[in-house]
Amino acid sequence: MITHDVTIVGAGPVGLATAIFARNAGLSVQVLDGGAIDGDKACGEGLMPGTAPLLAELGIDPPGHALEGVVYHQGSTRVEHSFPEKPGRGVRRTELRDALVQRAHDGGVLIERAKYVSLTQDAHSATVTTDSGHYITSRYVIGCDGLHSSVAADLGVVKKPPRGAKRYGLRQHFAIAPWSSNIEVFYSSNAEVYITPVSSDTVGVAALGPKGVNLDSAIASIPALHAKLAGAQPASTLRGAGPFPHKARTQRIGRVLLVGDSGGYVDAITGEGLRVGFAQAKAAIEALSKDAPGTYPLAWKRVTREFRILTKGLVALASSPLRSSIVPLAHAIPGLFGVIVNRLAR
């Protein structure tokens with residue numbers, strides 16, 4: 001028996017945003033949450049300015065730290081560009097998720113602490129089985145279960161990653177007052193280290209690089225950053241993510257849709273993951289509200305196109321012999337750097 005309109009697998013920020021958009025559209029929703037209680041995981045935590053309208057639509061205003069722009073460092077070379085209009089916001093993932101959970105509860109979203117096991121579907125419904133033995137039948141299922149999506153795997157849409165260097169991410173917070181209101185990106189020989197202020201007394205530090213990337217070693221290889229963080233105490237546990245990328249042949253099979261990282265992910269190098277994930281969530285619910293799930297893959301391509309093109313280009317450059325020229329080139333052609341930052345800010 002169909003019990004509601006949508007079952008959402010995954011209660012991270014994108015899954016909860018999908019649920020809120022669904023309730024706003026008048027759909028009944030159940031969310032399966034089989035992850036960590038606090039919902040924490042490795043991510044950059046910088047919300048670009050273009051995320052602000054989506055947060056307003058979701059009805060949340062999580063606490064954080066203003067982000068005025070982006071600064072790139074490589075050796076003694078530095079290039080900076082401010083966001084052209086409104087600032088972004090650095091927000092702890094746990095704070096963002098808490099705000100989304102509260103908003104979802106207030107909107108009547110059912111959140112069940114259970115893990116996804118499998119699904120079946122027919123022409124009229126889809127049924128999810130949980131680790132507690134429950135069968136949940138709804139008109140549609142949306143997989144929002146991340147980079148290593150079980151829903152995408154069960155649909156048989158996951159593509160083998162291309163051969164070559166795979167990238168991984170690490171993230172930890174440190175108890176230190178931010179020295180800047182910018183996202184700062186430091187390039188070392190084989191990793192990028194991102195500094196994101198998330199409160200008046202905490203910064204998030206994330207490193208992206210090849211397999212075996214080490215956060216302490218990455219920081220130590222950048223003298224200016226190492227000096228700034230000297231003596232700062234960890235304010236969270238070290239967490240990792242990867243490998244990148246994750247590719248899916250399609251973002252929809254029958255009555256099942258994939259939203260967020262589960263439907264495809266390139267890399268964290270641009271920091272646009274949540275903005276793009278929220279945009280996908282909105283597009284997915286617009287499709288289901290019209291009983292037109294077949295329109296979603298095209299909408300997915302539309303809302304992710306710039307992210308995919310720009311991210312692939314930056315990753316290719318960062319993985320090439322030209323890596324050492326990235327920041328000097330941006331410094332030499334600040335107009336081009338500004339165009340890229342403005343694109344990311346949208």
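Which one is nearest to residue 4 (Cα to Cα), of the residues in region 216-271 that are in a strand (DSSP E or B) and touching a helix residue (DSSP H, G or I) at 6+ places or on another chain (Cβ under 7 Å)?
Here is the first cut: in region 216-271, the ones in a strand (DSSP E or B) are 233-234, 239-244, 246-248, 252-253, 256-258, 265.
Narrowing further to those that are touching a helix residue (DSSP H, G or I) at 6+ places or on another chain (Cβ under 7 Å): 246, 248, 252-253, 256-258.
Details: 246: 30, 248: 27, 252: 19, 253: 19, 256: 14, 257: 16, 258: 18 Å.
So the residue we want is 256.
Quick grid of which residues meet (1) in contact with a helix residue (DSSP H, G or I) (Cβ under 8 Å, 6 or more places away or on another chain); (2) of a type outside the set (Val, Ile, Thr); (3) part of a loop (DSSP other than H, G, I, E, B):
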{"residue": "108", "(1), (2), (3)": "yes, yes, yes"}
{"residue": "111", "(1), (2), (3)": "yes, no, no"}
{"residue": "185", "(1), (2), (3)": "no, no, no"}
{"residue": "195", "(1), (2), (3)": "yes, no, no"}
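Name the residues in region 1-37 that are of a type in the set (Gly, Ala, Ser) and surrounded by 20 or more Cβ atoms within 10 Å (Cβ to Cβ), would you?
First, pick out the residues of region 1-37 that are of a type in the set (Gly, Ala, Ser): 10-12, 15, 17, 19, 22, 25-26, 28, 34-36.
If the condition is that a residue be of a type in the set (Gly, Ala, Ser) and surrounded by 20 or more Cβ atoms within 10 Å (Cβ to Cβ), then 10, 11, 12, 15, 17, 19, 22 are the ones that fit.
Just a yes or no: is a residue in region 98-113 under 21 Å from residue 342 (Cα atoms), among the aliphatic types (A, V, I, L, M), buried (at least 16 other Cβ atoms within 10 Å of the Cβ) and within 23 Å of the chain's Cα centre (by Cα)? Spell out how you get there, then give the answer.
Taking region 98-113 as the starting set, the residues that turn out to be under 21 Å from residue 342 (Cα atoms) are none.
Checking region 98-113: not a single residue is under 21 Å from residue 342 (Cα atoms), among the aliphatic types (A, V, I, L, M), buried (at least 16 other Cβ atoms within 10 Å of the Cβ) and within 23 Å of the chain's Cα centre (by Cα).
Taking region 277-327, which residues are closer than 30 Å to residue 22 by Cα, of a type in the set (Val, Ile, Thr) and surrounded by fewer than 22 Cβ atoms within 10 Å (Cβ to Cβ)?
Result: 295, 303, 309.
Only one of 344, 274 is modelled with pLDDT under 90, surrounded by 18 or more Cβ atoms within 10 Å (Cβ to Cβ) and either among the basic types (Lys, Arg) or in contact with a Cys (Cβ under 9 Å, 6 or more places away or on another chain) (or both). Can you tell me which?
Values: 344 fails: either among the basic types (Lys, Arg) or in contact with a Cys (Cβ under 9 Å, 6 or more places away or on another chain) (or both).
Result: 274 is the single residue among 344, 274 that is modelled with pLDDT under 90, surrounded by 18 or more Cβ atoms within 10 Å (Cβ to Cβ) and either among the basic types (Lys, Arg) or in contact with a Cys (Cβ under 9 Å, 6 or more places away or on another chain) (or both).
Can you pull out the residues in region 148-177 that are part of a loop (DSSP other than H, G, I, E, B) and either of a type in the set (Phe, Trp, Tyr) or buried (at least 20 other Cβ atoms within 10 Å of the Cβ) (or both)?
149, 157 - these are the residues of region 148-177 that are part of a loop (DSSP other than H, G, I, E, B) and either of a type in the set (Phe, Trp, Tyr) or buried (at least 20 other Cβ atoms within 10 Å of the Cβ) (or both).
So which residues in region 126-141 are out of contact with any helix residue (DSSP H, G or I) (no Cβ under 6 Å at 6 or more places or on another chain), crowded, with 24+ Cβ neighbours inside 10 Å and within 17 Å of residue 288 (Cα to Cα)? Don't jump to the end; show me each part of the working.
Restricting attention to region 126-141, the residues satisfying the condition of being out of contact with any helix residue (DSSP H, G or I) (no Cβ under 6 Å at 6 or more places or on another chain) are 126-139, 141.
From what is left, the residues that are crowded, with 24+ Cβ neighbours inside 10 Å are 128, 141.
Residue satisfying the conditions is 141 alone.
Residue by residue through region 324-344, note down the ones that are free of Cβ contacts under 8 Å to residues at least 40 places away in the same chain and part of a helix (DSSP H, G or I). Steps first, please.
Within region 324-344, the subset free of Cβ contacts under 8 Å to residues at least 40 places away in the same chain is 325, 329, 332-333, 335-336, 339-340, 343.
Matches in region 324-344: 325, 329, 332, 335, 336, 339, 340, 343.
Being touching a helix residue (DSSP H, G or I) at 6+ places or on another chain (Cβ under 8 Å) and crowded, with 23+ Cβ neighbours inside 10 Å narrows it down to one of 46, 64, 59, 88, so name that one. Break it down stepwise before answering.
On the way: 46 fails: touching a helix residue (DSSP H, G or I) at 6+ places or on another chain (Cβ under 8 Å); 64 fails: crowded, with 23+ Cβ neighbours inside 10 Å; 59 fails: crowded, with 23+ Cβ neighbours inside 10 Å.
Within the list 46, 64, 59, 88, the selection yields 88.
Could you give me the residue pairs with C-beta distances under 9 Å whose first residue belongs to region 295-323 and is polar (S, T, N, Q) and at pLDDT below 90, whose second residue is surrounded by 15 or more Cβ atoms within 10 Å (Cβ to Cβ) and assigned to a helix (DSSP H, G or I) wherever it lies, and which are 6+ apart or on separate chains?
Here the result reads none, with nothing in region 295-323 linked to a residue that is surrounded by 15 or more Cβ atoms within 10 Å (Cβ to Cβ) and assigned to a helix (DSSP H, G or I).
Can residue 228 be described as in contact (Cβ under 8 Å) with a residue 60 or more places away in the chain and of a type in the set (Lys, Arg)? Spell out how you get there, then give the answer.
Details: in contact (Cβ under 8 Å) with a residue 60 or more places away in the chain: no; of a type in the set (Lys, Arg): yes.
Considered against the rule, which asks whether it is in contact (Cβ under 8 Å) with a residue 60 or more places away in the chain and of a type in the set (Lys, Arg), residue 228 comes out as no.
Can we say residue 265 is of a type in the set (Ser, Thr, Tyr) and within 16 Å of the chain's Cα centre (by Cα)? Don't jump to the end; show me each part of the working.
On the way: of a type in the set (Ser, Thr, Tyr): yes; within 16 Å of the chain's Cα centre (by Cα): yes.
Yes: the conditions hold for residue 265.
For region 21-66, what are the residues that are farther than 18 Å from residue 273 by Cβ, touching a residue at least 12 places away in the same chain (Cβ under 8 Å) and among the β-branched types (Val, Ile, Thr)?
Answer for region 21-66, where residues must be farther than 18 Å from residue 273 by Cβ, touching a residue at least 12 places away in the same chain (Cβ under 8 Å) and among the β-branched types (Val, Ile, Thr): 29, 31.
Restricting attention to region 199-213, and to residues there that are farther than 25 Å from residue 64 by Cβ and surrounded by 14 or more Cβ atoms within 10 Å (Cβ to Cβ), which single residue is modelled with the highest pLDDT? If you could, list the steps in order and put the result at the bottom.
Looking only at region 199-213, we keep the residues that are farther than 25 Å from residue 64 by Cβ, and these are 209-213.
Subsequent filtering for residues that are surrounded by 14 or more Cβ atoms within 10 Å (Cβ to Cβ) retains 209-210, 213.
Details: 209: 89, 210: 89, 213: 92.
Here the residue is 213.
Would you mind telling me which numbered condition in (1) surrounded by 24 or more Cβ atoms within 10 Å (Cβ to Cβ); (2) more than 17 Å from residue 273 (Cα to Cα); (3) touching a Lys or Arg at 6+ places or on another chain (Cβ under 9 Å) residue 263 fails?
All conditions are met except number (2).
Among (1) at pLDDT 85 or above; (2) part of a helix (DSSP H, G or I); (3) of a type in the set (D, E, K, R), there is one condition residue 291 misses while meeting the rest; what is its number?
(2)
The values are calculated or read from the model by the stated rules, or taken from the named source; none is laboratory data. Fair warning: this is a prediction, and the values are worked out from it, not measured in the lab. Don't worry about glycine lacking a Cβ; one is built from the backbone with ideal geometry, like all the others, and counts go over all protein chains shown.
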